[in-house]
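*Asks:* Have a look at this one.
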Amino acid sequence: MKTSNYIRIFTGDFFIVQRIIGQLKTININAVVKDPTESARLAGFGGGILPGFQEIFVNINELDKAIHIVESITSELRA
């Protein structure tokens, strides 16, 4: 089995994901967004367990910088 160099750093709703992606782009991190609900719908399986939720994956080499962005945004939203 092939191992991936990408790791999931966040799962949340579309709007927060877009905000995180925008911040990651400003520091030249190209993240991958996965939408399991949309993928299931397009494949004809209907919606997923958490409709509207997406996952963000980054390269393992960029993990420390990416986690800092996620923590900054999520702590700001909780305040």
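The values are calculated or read from the model by the stated rules, or taken from the named source; none is laboratory data. Note that the structure is a prediction, hence the values are computed from the model and not measured. No Cβ is skipped: glycine too gets one built from the backbone with ideal geometry, and neighbour counts run over all protein chains shown. Heavy atoms of the whole protein, side chains included, go into the accessibility calculation; ligands, DNA and RNA do not. Shrake-Rupley method; radii C 1.70, N 1.55, O 1.52, S 1.80 Å.
*Asks:* Kindly list, by first and then second residue, each pair from a residue in the range 6-28 that is open to solvent by 70 Å² or more (accessible area, probe 1.4 Å) to a residue that is of a type in the set (Asp, Glu), limited to pairs with Cβ atoms under 8 Å and residues at least 6 apart or on different chains.
*Replies:* Matching pairs, first to second residue: Arg8/Glu55.
*Asks:* Quick check on my filter: what residues within the range 45-54 are buried (at least 16 other Cβ atoms within 10 Å of the Cβ) and either modelled with pLDDT of 95 or more or among the hydrophobic types (A, V, I, L, M, F, W, C) (or both)?
*Replies:* If the condition is that a residue be buried (at least 16 other Cβ atoms within 10 Å of the Cβ) and either modelled with pLDDT of 95 or more or among the hydrophobic types (A, V, I, L, M, F, W, C) (or both), then Phe53 is the only one that fits.
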